[in-house]
Amino acid sequence: HLSPRLDCVLHFVPKVECLADIGSDHAHLPCRAVQIGRADSAIAGEVRPGPLYQSTLNVTKQGLRDRIDVRLGDGLDVLREQGEASAIVIAGMGGELIADILERGKNKIGKKTVLILQPNSREPRVRRWLVYNGWTISDEAIVNEGHHVYEVIQASQGSKPRLLSEPELMMGPVLSSKQDPLFIKKWKNRERRLSSILTALRNTGQSEEVLKKIEANQKELQWIR
Ligand code: SAM
């Protein structure tokens with residue numbers, strides 16, 4: 001069975017012929033997707049030989065070698081042609097790395113491909129890339145696992161993309177309107193944290209650097225509120 005985080009990612013994978021999971025590590029997600037019939041076949045991409053070996057072992061153990069292709073390579077390089085995968089998952093990495101993988105692999109993403117992205121950090125970076133490149137965020141979810149709160153973003157192309165405001169880039173356009181209790185909790189915590197940082201900063205003097213930090217924190221606090 002999948003962890004709550006990966007289960008939430010899988011929930012956003014539409015029924016497809018071919019799913020690609022980039023940075024697959026253990027290949028748990030593509031195995032499950034194929035087992036429940038969400039994907040007819042899958043590609044598990046991995047850049048490091050260690051995890052790639054783990055993926056291969058797992059796929060073999062589950063008897064899925066004829067349906068899951070484990071490929072060694074950087075990001076979307078593992079895809080052979082544009083649109084080979086009609087859903088692409090990139091999960092469990094920093095937002096900067098996810099945006100970088102998308103940018104470098106743009107030409108491999110088909111017009112009808114659905115992206116399911118789960119950054120571990122810097123979610124706004126991912127949303128910004130999507131919006132700048134003509135994608136529409138179609139759904140989002142927030143999920144708790146251990147002591148961490150994760151966000152999952154689903155995006156597609158086709159409909160006219162809507163420009164997002166800074167608060168929407170930060171908190172997510174769909175998450176902002178869903179107002180999940182976990183979402184409220186996350187941003188209430190952040191609000192509290194920012195307030196106490198601001199108090200501390202105001203007590204540390206007036207260097208240009210401090211003033212800049214105060215301004216940035218105030219802006220974020222305002223967006224949250
Ligand atoms: N996707 C899985 C999940 O969400 O549970 C595994 C996440 S694991 C923390 C991140 C994986 O991404 C690692 O196995 C790492 O080797 C791989 N990775 C990092 N950069 C990559 C890249 N440029 N291309 C492919 N895989 C990459």
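On the given criteria, is GLN154 touching an Asp or Glu at 6+ places or on another chain (Cβ under 6 Å) and either assigned to a strand (DSSP E or B) or hydroxyl-bearing (Ser, Thr, Tyr) (or both)? Explain how you work it out, then say what you get.
On the way: touching an Asp or Glu at 6+ places or on another chain (Cβ under 6 Å): yes; either assigned to a strand (DSSP E or B) or hydroxyl-bearing (Ser, Thr, Tyr) (or both): yes.
Answer is yes for this residue.
Within region 13-24, can you find the residues that are outside any strand (DSSP E or B) and either more than 17 Å from the chain's Cα centre (by Cα) or surrounded by 19 or more Cβ atoms within 10 Å (Cβ to Cβ) (or both)?
Quick first cut of region 13-24, residues outside any strand (DSSP E or B) only: 13-15, 23-24.
Within region 13-24, VAL13, LYS15, GLY23, SER24 qualify.
Can you name the residue in region 97-141 that is of a type in the set (Asp, Glu) and without any contact (Cβ under 8 Å) to a residue 40 or more places away in the chain and, of all such residues, is farthest from GLU81 (Cα to Cα)?
Going through region 97-141, the residues of a type in the set (Asp, Glu) turn out to be 100, 103, 123, 139-140.
Going one step further and asking which of them are without any contact (Cβ under 8 Å) to a residue 40 or more places away in the chain, we end up with 100, 103, 140.
On the way: ASP100: 19, GLU103: 16, GLU140: 28 Å.
Checked region 97-141; the qualifying residue farthest from GLU81 (Cα to Cα) is GLU140.
Here are some residues: GLU191, GLU215, GLU209. Which one is surrounded by 13 or more Cβ atoms within 10 Å (Cβ to Cβ) and either part of a helix (DSSP H, G or I) or not assigned by TED's automatic domain parsing to the domain that holds VAL131 (or both)? Working first, answer last.
Values: GLU215 fails: surrounded by 13 or more Cβ atoms within 10 Å (Cβ to Cβ); GLU209 fails: surrounded by 13 or more Cβ atoms within 10 Å (Cβ to Cβ).
The unique qualifying residue is GLU191.
Restricting to region 46-71, and then to whatever is over 21 Å from GLU17 (Cα atoms) and near the ligand (Cβ under 10 Å from one of its atoms), can you tell me which residue is surrounded by the most Cβ atoms within 10 Å (Cβ to Cβ)?
This residue is LEU52.
Results for (1) surrounded by 21 or more Cβ atoms within 10 Å (Cβ to Cβ); (2) within 20 Å of PRO181 (Cα to Cα), shown as yes or no for each residue.
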{"residue": "LYS106", "(1), (2)": "no, no"}
{"residue": "ASN133", "(1), (2)": "no, no"}
{"residue": "VAL143", "(1), (2)": "no, yes"}
{"residue": "GLU151", "(1), (2)": "yes, yes"}
{"residue": "ALA155", "(1), (2)": "yes, no"}
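The values are calculated or read from the model by the stated rules, or taken from the named source; none is laboratory data. Just so you know, these numbers come straight off a predicted model, no measurement behind them. Counting neighbours? That spans all protein chains shown, and the Cβs are built from the backbone with ideal geometry, glycine included.
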